[in-house]
There are 2 protein chains.
Amino acid sequence: MSAAPLQVRDIGSFHVGGQMVSLTGLAPRLRVSTANGAVHPIDPNGEMIAGQMYVQYVKLAAPRSPHPLLLWHGGGMSGVNWETTPDGRAGWQMFFLRAGFDVFVSDAVERGRASWAPYPDVFKDAPYFRTGREAWEETFRFGPAGSWNVDPAQRRSHDGLRFPIARMEGFMNQFVPRWGDNDALTQHAYDALVGSLESSIVLTHSQGGNFGLQAALHAPDRIKAVISLEPSGAPDPEHCDPAVLGDVPHLFVWGDYLDQHPFWVESVPKVRRWYEALVAAGVNAQWIDLPSRGIVGNSHALMADSNSDAIGKMVHEWMCEMNLVTST
Amino acid sequence: MSAAPLQVRDIGSFHVGGQMVSLTGLAPRLRVSTANGAVHPIDPNGEMIAGQMYVQYVKLAAPRSPHPLLLWHGGGMSGVNWETTPDGRAGWQMFFLRAGFDVFVSDAVERGRASWAPYPDVFKDAPYFRTGREAWEETFRFGPAGSWNVDPAQRRSHDGLRFPIARMEGFMNQFVPRWGDNDALTQHAYDALVGSLESSIVLTHSQGGNFGLQAALHAPDRIKAVISLEPSGAPDPEHCDPAVLGDVPHLFVWGDYLDQHPFWVESVPKVRRWYEALVAAGVNAQWIDLPSRGIVGNSHALMADSNSDAIGKMVHEWMCEMNLVTST
């Protein structure tokens, strides 16, 4: 984890999972493409790709794990979550590069550089846009109900909160629209990514969690471990059999204030049920509740909180215990 | 330009140029955030950031230029254009990292990881989606009018074309929606990026060109050179005075088939007019028409064509001539 220069072999990107769609019957439009530029007639009908996912990789000259680490973001977010934290510290992309992993950061279908498709022509519904209040009071647990305010000085946060709320606006810059009906497309693209790699370790956040847990069920031979930071959902043991996951260790990590926010009060037991099914099936699964270890104040944004490096180190130690890192 | 490991000091990102907006009067909705997950009530009203731009940087341990290189993409595209080419070769991000520059790749307002804002609530109009036909026959000049076909085997391309058309679908994966009315927001964000850096070299493609040329007018003390790959527009000499650009060398690079596509027949003279105004004002400006140098077959996607490295080398040599690179 030194600050010596990273020895980088390659940086690049690709897309996976998309397919060609054709649009017909739409009315023509006119467009000026640049100030002082030509006026184009635009025919919106024709072919485009939809359902693709974006993956950016940084590969090291001498990785210390044979398995690339895939970082999958949560809902209404993009891979930017894994880069610099809102208060300017190194994100987990850099943390795990320094720990010796080739790191693949993706933008899921419809998010960021994955692009998105016209609605209602291709995507069926209109997207949702995250508000500051929803992030603050509901999903990210920065403060209790009623504590958001447009004026930063008037916002109240939870006692001891580790999220850098002075940079809330910087965090809000990262929000991207999300759709509610693209789960199948998104899972298809994640599975295509996993299928394109001989092996990988999947590390997810929030909405990415369910996709990662499902991906492991779909490719237990290729996925060498699943690390879920506060997954917002999980497979249903009534419909999915965890027995195929005997060789795939699972780690779940949870922050603070979960009992004070209705979304999480409802969500955590559904994930716990899958964890218990994993354990019952003999899968090596671990459930880390940070407050019960004396680590209090973590929001839903574990990888952006002030102790993000310490949590990264905890995850890395688990990866070492699971023999996912080549000993040096 | 060796294939030795890159010595990387830091990889990260930030957003610039956004501002808080408030939405009111929208009807509530319901959302299921993940399969088997909780049903949320969603209030679409509230605060969000709009007009922000995304910037990702790779900084070297020992850059060979004091000026970071900013790569600004074209219309309907994102920074992905500068990463791996559609046929899997290293893009210009990696090319100029290997040449010794700190490289900043941005996604302009509304594109990719910059996110976008609700319309018609914040952005006024609906976005445009690029079709395969428009890219093929009009903007990117892969083939003449009528040569696009949904079946790759039936597509006709220009004789001698250097774009890797076998990977057209890979290129189409990179398309992102664009709006027609966000020029002011976009320029504001680019200017904010330039203003946040002591110095920079701006290298643009297509629609990015006009933003880069304007940015130089706005900050001639900070921008050390402007390199425009096939800009689709330029400042109007009737309204902008190039005299402030005396210390800012300009390079324009153009590919082939320009006289066979109406959009370019109309666009090139507008840019040429600005180039001539620069020369008349004593600015060190160079206009490279590749075919007139015997380099034929280049599409609008100069940085993705099969000779992208050779064109990168030409640009790099010009940068050396302009004393932008520390001699070694």
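The values are calculated or read from the model by the stated rules, or taken from the named source; none is laboratory data. Keep in mind it's a predicted model, so treat the numbers as computed, not measured. Because the Cβ atoms are built from the backbone with ideal geometry, glycine has one as well, and the counts that use them run over all protein chains shown.
Below is a table of values for the structure above.
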item	result
Filter pass, A:S232 being surrounded by 24 or more Cβ atoms within 10 Å (Cβ to Cβ) and either of a type in the set (D, E, K, R) or in contact (Cβ under 8 Å) with a residue 12 or more places away in the chain (or both)	yes
Residues of the stretch A:78-90 classified as among the small types (G, A, S) and surrounded by fewer than 24 Cβ atoms within 10 Å (Cβ to Cβ), total	2
Residue within the stretch A:29-38 that is surrounded by fewer than 19 Cβ atoms within 10 Å (Cβ to Cβ), modelled with pLDDT under 95 and in contact with a Ser or Thr (Cβ under 9 Å, 6 or more places away or on another chain) present	yes
Strands (runs of 3 or more DSSP E) wholly inside the stretch A:216-310 containing at least 2 residues that are aromatic (F, W, Y)	A:250-254
Boolean, A:A219 is touching a residue at least 12 places away in the same chain (Cβ under 8 Å), buried (at least 18 other Cβ atoms within 10 Å of the Cβ), in contact with a helix residue (DSSP H, G or I) (Cβ under 9 Å, 6 or more places away or on another chain) and not assigned by TED's automatic domain parsing to the domain that holds A:S65	no
Per-region count, the stretch B:147-175, residues farther than 20 Å from A:G17 by Cα and within 13 Å of chain A (Cβ to nearest Cβ)	4
Subset of the stretch A:52-73 (residues that are at the interface with chain B (Cβ under 10 Å from one of its Cβ atoms) and of a type in the set (S, T, N, Q))	A:Q52, A:Q56
Selection within the stretch A:225-271 - of a type in the set (G, A, S) and within 21 Å of A:W72 (Cα to Cα)	A:A225, A:S228, A:S232, A:G233, A:A234, A:G255, A:S267
Qualifying residues in the stretch B:311-328 (those that are in a loop (DSSP other than H, G, I, E, B) and surrounded by fewer than 19 Cβ atoms within 10 Å (Cβ to Cβ)) - the one modelled with the lowest pLDDT	B:T328
Pair list, Cβ < 7 Å and 6+ apart or interchain, from the stretch B:308-322 residues that are charged (D, E, K, R) to residues that are assigned to a helix (DSSP H, G or I) and buried (at least 16 other Cβ atoms within 10 Å of the Cβ)	B:D309/B:F95
Residue count, the stretch A:148-192 (criterion: part of a loop (DSSP other than H, G, I, E, B) and more than 17 Å from A:W136 (Cβ to Cβ))	6
Lone unmet requirement of (1) more than 14 Å from chain A (Cβ to nearest Cβ); (2) within 23 Å of B:A90 (Cβ to Cβ); (3) hydrophobic (A, V, I, L, M, F, W, C); (4) touching a residue at least 40 places away in the same chain (Cβ under 8 Å) for B:L290	(4)
Whichever residue in the stretch B:133-189 is basic (K, R) and within 23 Å of B:G209 (Cβ to Cβ) and, among such residues, is farthest from the chain's Cα centre (by Cα)	B:R162
Of all residues in the stretch B:1-25 being at pLDDT 95 or above and more than 8 Å from every other protein chain (Cβ to nearest Cβ), the one that is surrounded by the most Cβ atoms within 10 Å (Cβ to Cβ)	B:G17
Pick from the stretch A:111-138, criterion touching a Lys or Arg at 6+ places or on another chain (Cβ under 8 Å), of a type outside the set (A, V, I, L, M, F, W, C) and buried (at least 23 other Cβ atoms within 10 Å of the Cβ), ranking: farthest from the other protein chains (Cβ to nearest Cβ)	A:R111
Any hit, the stretch A:186-206, residues being facing chain B (nearest Cβ under 10 Å), within 22 Å of A:N298 (Cβ to Cβ) and at pLDDT 95 or above	yes
Which numbered condition B:I49 misses (of (1) over 26 Å from the mean Cα position of the chain (by Cα); (2) at the interface with another protein chain (Cβ under 7 Å from one of its Cβ atoms))	(1)
Unmet criterion (only one of (1) in contact with a Gly (Cβ under 9 Å, 6 or more places away or on another chain); (2) within 18 Å of B:I223 (Cα to Cα); (3) not hydrophobic (A, V, I, L, M, F, W, C)) for B:G88	(2)
The stretch B:193-215: number of residues that are among the hydrophobic types (A, V, I, L, M, F, W, C) and assigned to a strand (DSSP E or B)	3
In the stretch B:57-74, the residues that are surrounded by fewer than 24 Cβ atoms within 10 Å (Cβ to Cβ), within 18 Å of the chain's Cα centre (by Cα) and not hydroxyl-bearing (S, T, Y)	B:P68
Scan of the stretch A:166-199 for residues that are more than 22 Å from A:F129 (Cβ to Cβ), aliphatic (A, V, I, L, M) and free of Cβ contacts under 8 Å to residues at least 60 places away in the same chain, ordered by number	A:A184
Residue selected from the stretch A:9-28 under the condition in a strand (DSSP E or B) and touching a residue at least 60 places away in the same chain (Cβ under 8 Å), by the criterion farthest from A:V105 (Cα to Cα)	A:L23
Boolean, A:F101 is surrounded by fewer than 24 Cβ atoms within 10 Å (Cβ to Cβ) and either under 15 Å from the mean Cα position of the chain (by Cα) or farther than 24 Å from A:R178 by Cα (or both)	no
Check on A:V271, closer than 30 Å to A:L161 by Cβ, surrounded by fewer than 24 Cβ atoms within 10 Å (Cβ to Cβ) and within 14 Å of chain B (Cβ to nearest Cβ)	no
Elements of type strands (runs of 3 or more DSSP E) contained in the stretch A:29-116, each with 1 or more residues being on the phi > 0 side of the Ramachandran plot and free of Cβ contacts under 8 Å to residues at least 60 places away in the same chain	A:46-50
